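J.: One structure coming up, written as structure tokens, with questions to follow.
The values are calculated or read from the model by the stated rules, or taken from the named source; none is laboratory data. Just so we're clear, the structure is a prediction, and the values are computed from it rather than from any experiment. Quick reminder, even Gly has a Cβ in these numbers, built from the backbone with ideal geometry, and neighbours come from all protein chains shown. All accessible areas refer to the heavy atoms of the entire protein, side chains included, with ligands and DNA or RNA removed. Shrake-Rupley method; radii C 1.70, N 1.55, O 1.52, S 1.80 Å.
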Amino acid sequence: MPGEGPKNAALMLIGEGPGFNEDQQGRPFVGASGKFLDELIASAGYRRADVFIANVVKCRPPENRDPTPDEIDACRPFLDRQIELINPAVVVTLGRFSMARWFPGAKISAIHGKARKIEGRTIVPMFHPAAALHQPALRDAIIADFEALPALIAAIAPERKTPPPEPPEQLRLF
Ligand code: URA
């Protein structure tokens, strides 16, 4: 499943991998957690078309099991290239697998919402929307973390803070 979004997105969201619906449609976050993610994106003042959405693994792990370290390694060059091409000012990691790329061994409950500059890019770890969907405490946390994004982007990349009036052209990239 490719990632999708505009080529100069200020914000890139990185999930875990396709679930059933994403696998069927070939698009990221189109199921229940995608609906919640759309609300979160809106709460940060963006449209889905303004952000690039990628995943750690590009194929659906059978039965929605966790991706294995081998699978994550096999997909890593694709994710590296997506990040390099889009060059987002801010990356939001959704869930522990994308968090582990930049914060190995960290606990998401301890570091969610805390922006860190790593190798010239700002990375903000957040809960996975699927986990937050039905757990009120996590839900409040991820909403608050998304609401803090515009100020963060304004501070790092003021020229890219305001989304263009027309939704930008969408790329689909492996
Ligand atoms: N969950 C993910 O982590 N990624 C998707 O694209 C969809 C659901």
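J.: Post the alpha-carbon centroid distance, region 59-74 to region 94-158, in whole angstrom.
T.: The two parts, judged by their Cα centres, are 22 Å apart.
J.: Roll a 1.4 Å probe over the protein chains and send me the accessible area per residue for the chain in Å².
T.: Working: 8710 Å² over 174 residues.
Value for the chain: 50 Å² per residue.
J.: Let me ask something else about it. So how much slack lies between Ala151 and Arg121, counting 0.36 nm per residue of separation and subtracting their Cα-Cα distance, in nm? Mind showing how you got there, number by number?
T.: Values: separation 30, 0.36 × 30 = 10.80 nm, distance 1.58 nm.
Residue separation times 0.36 nm, minus the Cα-Cα distance, leaves 9.2 nm.
J.: Calculated FRET efficiency, Lys107 and Glu169, Cβ-Cβ r, R0 35 Å, to nearest 0.05?
T.: Values: r = 39 Å, r/R0 = 1.10.
Efficiency for this residue pair is about 0.35.
J.: What percentage of the solvent-accessible surface of the chain, computed with a 1.4 Å probe over protein heavy atoms, is contributed by carbon and sulfur atoms?
T.: Result for the chain: 54 percent of the exposed heavy-atom area is carbon or sulfur.
J.: Return the loop-located trypsin sites (Lys or Arg not before Pro) in region 57-126 (DSSP other than H, G, I, E, B) with at most 15 other Cβ atoms within 10 Å of their own Cβ; answer none if there are none. Can you show the working numbers first?
T.: Numbers: sites: Lys58, Arg65, Arg81, Arg96, Arg101, Lys107, Lys114, Arg116, Lys117, Arg121; in loops: Lys58, Arg65, Lys107, Lys114.
Those satisfying the criteria are Arg65, Lys107, Lys114.
J.: Residues with amide H under 5 Å of Phe127's amide H, sequence separation 5 or more or different chain, H placed in the peptide plane at 1.01 Å from N; which?
T.: Gly95
J.: Here's a follow-up. Consider just the alpha-carbon atoms of the chain and return their Rg together with their Dmax, both in angstrom.
T.: Answer for the chain, Rg first and Dmax second: 14.7, 43 Å.
J.: Lysine pairs in the chain 8 or more apart or on different chains: how many have alpha carbons under 21 angstrom apart? Before the final figure, lay out the partial values.
T.: Values: Lys7/Lys58; Lys7/Lys161; Lys35/Lys58; Lys107/Lys117; Lys114/Lys161; Lys117/Lys161.
Final tally of qualifying lysine pairs is 6.
J.: A follow-up question, please. Which percent, to the nearest 5, of DSSP beta bridges fully inside region 3-173 are antiparallel? Intermediate results must be reported in sequence, preceding the final value.
T.: Values: 7 of 20 bridges.
For region 3-173, the DSSP antiparallel bridge percentage is about 35.
J.: Note down the relative contact order for the chain as a percent, whole number, built from C-alpha pairs under 8 angstrom at least six residues apart. Could you put the intermediate results ahead of the total?
T.: Details: 309 pairs, mean separation 55.9, N = 174.
With pairs under 8 Å counted, the relative contact order is 32 percent.
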